[in-house]
Amino acid sequence: SSYTLSLVHALESSGHLLSVVMPTSQQSWAGKAHSTNEEVVATPLWHETTATNSPRSYPWFLLNSTPASCIQIALGHLLEDRPRVDLVICGPHVGCNITSIFALSSGTTGAALEATLCGYRAVAISFARATHRADTEEAFEMSQHAIQVIDKLYTQGEWTPGTLYSVTIPCLVGVAREIAW
């Protein structure tokens, strides 16, 4: 998603320590599929954080795999030298994952489901937008709203085993909106 970098920068600027692992290509409609017939290669990509209060910079990893496989490989292997993951954020997906058929078909939701099956808390983020082309102002606003929701879910969510949250942020640039819980 072209909104990924905006969300990453917003999370880093809010003081979150991130590890980024994602597929090398678009994986819409992958659901919770796993890569089983090919060798999965993790390519490190160095990303220096722009946030002044972010404590470290780690490589991002791009995997020639599905979102669910990326989560499983990240949590089981790639992030072993880092602080324990306390929340998995998947996305942002561009579109709406607001019905069962879309949620179950979504690679973003499939990745979040994989994280919960591995024993982690997870949030799947979708930006309700018709196009994948991100406008800077729009990406910034949507990312800021996503952070508010993520932070509230992190501190006040009901995190029973197997729980994941799927969050859709509507695109309403310049329109003040209240977040409904």
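The values are calculated or read from the model by the stated rules, or taken from the named source; none is laboratory data. Quick caveat, the model's predicted, so the values are computed rather than measured. Note that each Cβ is placed from the backbone with ideal geometry, even for glycine, and that neighbours are counted across all protein chains shown. Side chains included, ligands, DNA and RNA excluded: accessible areas come from the protein's heavy atoms. Shrake-Rupley method; radii C 1.70, N 1.55, O 1.52, S 1.80 Å.
With the structure loaded, tell me whether Gly119 is open to solvent by 20 Å² or more (accessible area, probe 1.4 Å) and at positive phi or whether it fails that test.
Answer is yes for this residue.
Of all residues in the range 86-102 being among the β-branched types (Val, Ile, Thr) and in a loop (DSSP other than H, G, I, E, B), which is farthest from Val20 (Cα to Cα)? Result: Thr99. The set of residues from the range 6-48 being touching a residue at least 60 places away in the same chain (Cβ under 8 Å), over 23 Å from Arg84 (Cβ atoms) and open to solvent by 50 Å² or more (accessible area, probe 1.4 Å) comprises His9, Ser28, Trp29, Lys32.
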